[in-house]
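Right, one structure below, let's go through it.
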Amino acid sequence: MSSEWPLWEVFIRGQHGLNHRHVGSLHAPDAEMAILNARDVYTRRNEGVSIWVVRSADIVASAPSDKGPLFDPANAKVYRHPTFFDVPDEVGHM
Amino acid sequence: MYAQMVKTDTKRVRSLDEMEPQERAFQERIDAGQKIEPKEWMPEDYRKTLIRQISQHAHSEIVGQLPEGNWISRAPTLERKAILLAKVQDEAGHGLYLYCAAETLGISRDQMYEQLHSGKAKYSSIFNYPTLSWADIGAIGWLVDGAAIMNQVPLQRCSYGPYARAMVRICKEESFHQRQGFDIMTVLAKGTPEQKAMAQDALDRWWWPSLMMFGPSDDASVHSAQSMAWKIKQNSNDELRQKFVDQTVPQAKYLGLTVPDPALKWNEEKGGHDFGEPDWNEFFAVIAGEGPCNRERLEARRKAWNDGAWFRDGLTAHAEKQAARRQASRIAAE
Amino acid sequence: MGAPASSPAVSAAVAEFALRMGDNCLILGHRNSEWCGHSPALEEDIALANTALDLIGQTQLWLGLACEAEGKGRTPDNLAFLRDVSGYRNLLLVEQPNGDFGRTLMRQYLFDAWHLPLLKALMGSADRRIAEIAEKASKEVAYHLERSADLVVRLGDGTAESHARMQAALDFLWPYTGEMFLADALDEELAATGLAPEPASLKPAWQEHVGRTLADATLKVPEKSFAQKGGRRGVHSEHLGYILAEMQFLQRAYPGASW
């Protein structure tokens, strides 16, 4: 047999109220053990309050070659940012 | 260093004008300080060199568990035992992060192990020296981790994203390693005459191998030049070695210990120390497998791997059984 | 409730009890730490080291309490590094050699399944110090039990080889489990004064957990029920001497030195 345990991506919520953040990966035979391994590998310094794991093979990613078409157009929408608009001083905070 | 003398396939570092458009765009991104991420286009030689470097770095972490690990059972106090165990465990973690970083380049952890166990892949020369006394544990933390930090801190800015991020985590965790080593040395140096002699003996044995960790001078090396152009190496070996000596000599003085180098002296003009040349014949012999502990280290790694095969296979088999049972009960429910 | 908490008799009982607890943690933590760098997978190497670190931390607490209660000015390090075999009070189970990784995990599981209910009971101890240590340790040990039980099930119900190895581990270790539930005069005194539960009272919970786990693991509970015993009165297996020879080497070779 000797097939390698699959690779899992690990996401940890560092504190209550924050998003889960990708912290790294590890190997485990299944999802339940991936959670236990993630606890032992990635929260040794009190780093987490919640763990997600997902099989690396199940991640769907945008293609690097699409970077231009996917993300450049957003650059043109400057009006989405509050600094686009002038607010007269006498109006105060808005 | 943890990755020593990493070879590229480069014969000569080419200028931007000599590159095909795709490679030129790649090099320009690196020059602009952008990170390269997995699955993005990269030159084959960049990918292969990174695999060599990161896997060598990873192997060094896990082989590096062995010389210190054999003192966990002999640590002199409960606190020292816990600290040393936590430190050696961190090294397993660092190996794990690095193997995962290398895996993003299209090689599996098992393949890397195979390269280590067959002797094809290298690991740092330093871990082929024996730990003979408790002071060696202090000396390793102080000198070996000190030298490693010199190299790893700049690697946090390296061009390959997963490697750089692994280094950020490693550097954060490793910050206590050098201090615990220096702390052991401090207690010994201020202890009984026997303890002080133990500390001096450890410094005598670990000083030169520590300087060798940086590798021979690479100012004329095309591999080094290529790695620097790719920003997977940031400083020359001599530069880092000089920095290490300048940092460490005053610490030895504080401890009241003598650095075993008669040529060592402060050079006002260059603002750094002059120091002797390590015995590079010894270095090449150790790299070639003739160090005092090469065979034990590899044997221990192979044994751990082979003895553990039934365990890994058992867990795989159970996971497959469980998945099949879930599948069957899903079908039954439909 | 018998003697008041401050009486010398009670202090001596607390000290002895804390030694028993601390020695179990120390010797098992020591055994587990022997795997560091040699485990079958990196993830397991790290996980087992976490368990060992928890146990060494608990050792410091229990031996700290033993020192305080005996009031002779000794430190936890004095107790760990300067007692001979006959002074150690741990169960024979925890000093058994690691064997293969399966035996190490089985030993851990059989211990955890006893350790957790014991700590839960100790959280209600009449001695506040015992209750506090038990509360802190029980959180760590709950995780140890979750992990070790999970692995016993997975390996028992894995390949034919992993099953055979786990069954062999169980058969080998089984005679060392009976000692956990035997009571001596001290245990009776501790139970009578509300300091610690009667050892036998922990047996149903242990049996229930072990029975369920071994069934899930498709492993057979050994029929023989003789118990190897003696750890609590300092009569150990030959293995403990070697552990101490290694563990105490520096303190013995350089008497009085600080580290």
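Rule-based calculations on the coordinates, nothing more; no lab input. For clarity, every value in this text was computed on a predicted model and none was experimentally measured. For neighbour counting, all protein chains shown are included, and Cβ atoms are generated from backbone atoms with ideal geometry for every residue, glycine included.
Descriptive notes on the structure:
- The local environment of B:I140, defined by Cβ-Cβ distances under 12 Å, has a net charge of -2 under the rule Lys, Arg +1 and Asp, Glu -1.
- Between B:E296 and B:L132, the contour length at 0.36 nm per residue exceeds the alpha carbon distance by 57.6 nm.
- Contact order normalised by residue count of chain B, Cα under 8 Å, 6+ apart, percent: 21 percent
- Once the Cα gyration tensor of chain C is diagonalised, semi-axes √(5λ) in Å: 29, 22, 16
- Mean Cα-pair separation over length for chain C, i.e. relative contact order, pairs under 8 Å, 6 or more apart, %: 24 percent
- For B:L255, B:L132, C:L155, the sequence from fewest to most other C-beta atoms within 10 Å is B:L132, B:L255, C:L155.
- Share of alpha-carbon pairs per 10 Å distance bin for segment C:185-259, given as whole %: 13, 24, 28, 25, 10, 1
- Euclidean distance of C-alpha centroids, segment B:269-334 and segment C:1-65, integer Å: 30 Å
- Per-residue mean of foreign Cβ neighbours for C:155-163 is 6 (Cβ atoms of other chains, 10 Å radius).
- Average partner coverage of B:155-161, which counts Cβ from other chains inside 10 Å: 0
- Counting every other Cβ atom within 10 Å of each residue's Cβ, C:D216, A:D72, A:D89 order from fewest to most as A:D89, A:D72, C:D216.
- Violating pairs (Cα-Cα greater than 23 angstrom) within the set B:K11/B:K231; B:K48/B:K120; B:K172/B:K270; B:K321/C:K120; B:K196/B:K253; B:K172/B:K243: B:K172/B:K270; B:K321/C:K120
- In loop segments of segment B:258-289 as defined by DSSP, the GluC sites (Glu not before Pro) with at most 15 further C-beta atoms inside 10 Å of their C-beta are B:E268, B:E269.
- On the basis of the beta-carbon distance and an R0 of 35 Å, A:A74 and B:F176 show a calculated FRET efficiency of 0.25.
- Angle in degrees between helix C:128-156 and the longest Cα principal axis of chain C, rounded to the nearest 10: 10 degrees
- Relative protection proxy for B:168-175, B:180-187, from highest mean packing down: B:180-187, B:168-175 (other beta-carbon atoms within 10 angstrom).
- Relative contact order [Cα under 8 Å, 6+ residues apart], segment A:2-60, whole percent: 43 percent
- Note on C:S86 and A:H81: their simple-model spin labels are 8.1 nm apart, each label 7 Å out from Cα toward Cβ.
- Partner shielding of C:241-249 amounts to 2, given as the average count of beta-carbon atoms from other chains within 10 Å of each residue beta-carbon.
- Loop-located trypsin sites (Lys or Arg not before Pro) in segment C:198-259, at most 11 other Cβ atoms within 10 Å (DSSP): C:K224
- Order of C:T51, C:T213 under a 10 Å beta carbon neighbour criterion, fewest first: C:T213, C:T51
- The label-point distance for B:D17 and B:K303, in a model that sets each label 7 Å from Cα toward Cβ, rounds to 6.1 nm.
- Note on segment A:2-60: Cα convex hull, mean projected area over all directions, 4.2 nm².
- Inter-label distance, nm, simple model (7 Å from Cα along the C-beta direction), B:K253/A:I59: 4.9 nm
- Each principal axis of the Cα cloud of chain B was taken in turn, and the coordinate range along them, longest first, works out to 78, 58, 33 Å.
- Most tightly packed first, judged by the mean number of other beta-carbon atoms within 10 Å of their residues, the peptides C:161-169, C:30-38 read C:30-38, C:161-169.
- Computed over the protein assembly as shown, Kirkwood Rh from alpha-carbon pairs, angstrom: 27.9 Å
- From its DSSP helices (H runs of at least four residues, each -39,500 (n - 2.57)), the protein assembly as shown gives a residue-normalised ellipticity at 222 nm of -18500 deg cm²/dmol.
- A Förster radius of 51 Å combined with the Cβ-Cβ distance from C:V221 to A:K67 puts the calculated FRET efficiency at roughly 0.25.
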